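The values are calculated or read from the model by the stated rules, or taken from the named source; none is laboratory data. Keep in mind that what you see is a predicted model, and the values were worked out from it rather than measured. In this analysis, Cβ positions are derived from the backbone assuming ideal geometry, glycine residues included, and neighbour counts consider all displayed protein chains. Note: accessible area is taken over every heavy atom of the protein model, side chains too, but ligands, DNA and RNA are not part of it. Shrake-Rupley method; radii C 1.70, N 1.55, O 1.52, S 1.80 Å.
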Amino acid sequence: MLLKKRKVKVTIPVIKKRKIEVYALGRHIPLSPDKARRVIDQIRGRSYEETLMILELMPYRACYPIFKLVYSAATNARSKMGSDETNLVISKAEVNQGTSVKKFKPQARGRSYAIKKTTCHITIVVKDRSLDEYIVVHI
């Protein structure tokens, strides 16, 4: 007598990584990368609310574009992940050099003088502390 093989359904737990980081990217900001890094180094790793207070009180011109990017990253986190602003932390903040805008200024005796205006690209990554990093999905 032949026995039939039975199909057994087995559920295997799969661990998926949950998206807990959201970013905001500012490109071609008319600012020197070194001057922007001076401000970015102060806010890296701090909470969202503390970052806003620091940026409002610092006397540098680079603070306003960075303030707008931090606010935009928090808004992205609220709309994409439903995060509360009290749980947000600046996990990564970096400044890269952008393109240089070159202008020529006329000088005496028919000469020209090149003026290079530097730009930078700023990336702010915000992380939610309250969300777990991994979720278990049963297949």
With the requirement that a residue be closer than 23 Å to I29 by Cα and open to solvent by 100 Å² or more (accessible area, probe 1.4 Å), what does segment 103-115 give you?
K103, F104, K105
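Just checking, which of S100, S83, S72 is closer than 14 Å to L31 by Cβ and among the small types (G, A, S)? Before the answer, list the steps.
Details: S83 fails: closer than 14 Å to L31 by Cβ; S72 fails: closer than 14 Å to L31 by Cβ.
From the options S100, S83, S72, the qualifying one is S100.
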Could you list, ordered by first residue, the pairs with Cβ atoms under 6 Å in which the first is in segment 93-107 and under 26 Å from R38 (Cα atoms) and the second is β-branched (V, I, T), at least 6 apart or interchain?
A93/I40; A93/I124; E94/T123; V95/I40; V95/I122; G98/T119; T99/T119; S100/T118
Hey, T99 hydroxyl-bearing (S, T, Y), assigned to a strand (DSSP E or B) and out of contact with any Phe, Trp or Tyr (no Cβ under 9 Å at 6 or more places or on another chain) or not
yes
Residues of segment 54-96 being closer than 14 Å to I40 by Cα and touching a strand residue (DSSP E or B) at 6+ places or on another chain (Cβ under 7 Å), which ones?
P65, I66, L69, V70, V89, I90, S91, K92, A93, E94, V95, N96
